[in-house]
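The values are calculated or read from the model by the stated rules, or taken from the named source; none is laboratory data. These figures come from a predicted structure and were not determined experimentally. Cβ: placed from backbone, ideal geometry, glycine included. Neighbour counts: every protein chain shown. Calculation scope for accessible area: heavy atoms of the full protein, side chains included, ligands and nucleic acids excluded. Shrake-Rupley method; radii C 1.70, N 1.55, O 1.52, S 1.80 Å.
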Amino acid sequence: MIYLLMTVVLVLGGLTYIQATEINKLKSLFSYNQSKMIKDALEYLKVMNEIQTIKNIRQDYYPIDLVQAKKIVEKAKSRR
């Protein structure tokens with residue numbers, strides 16, 4: 001019974017690793033114009049707070065992750 005459980009855990013771990021690598025490959029296929037993203041963030045910051053701006057940037061430029069969106073908003077805030 002313990003061997004079966006260990007086998008399942010190892011298989012799931014392997015599948016998780018494969019899935020993560022495939023997601024990273026897909027994310028690398030998308031490229032965005034960073035200056036346009038900053039310009040959009042500046043427009044959003046005029047009427048929204050920082051958190052709402054990050055959410056909107058992530059929606060507009062999917063599949064950008066949270067850290068990248070936050071960096072874009074910080075750059076936009078520094079250009080105000």
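Below are the figures for this structure:
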| read-out | value |
| --- | --- |
| Complete set of residues in region 61-80 that are in contact with a Phe, Trp or Tyr (Cβ under 9 Å, 6 or more places away or on another chain) and closer than 18 Å to S31 by Cα | Y61, Y62, P63, I64, Q68, A69, I72, V73 |
| In region 44-63, the residues that are aromatic (F, W, Y) and in contact with a helix residue (DSSP H, G or I) (Cβ under 8 Å, 6 or more places away or on another chain) | Y44, Y61 |
| Residues satisfying the stated conditions in region 56-70, i.e. surrounded by 15 or more Cβ atoms within 10 Å (Cβ to Cβ) and either in contact with a Ser or Thr (Cβ under 7 Å, 6 or more places away or on another chain) or in a helix (DSSP H, G or I) (or both) | N56, I57, R58, D60, Q68, A69, K70 |
| Of all residues making up region 22-41, the number that are open to solvent by less than 90 Å² (accessible area, probe 1.4 Å) and either touching a residue at least 12 places away in the same chain (Cβ under 8 Å) or not hydroxyl-bearing (S, T, Y) (or both) | 9 |
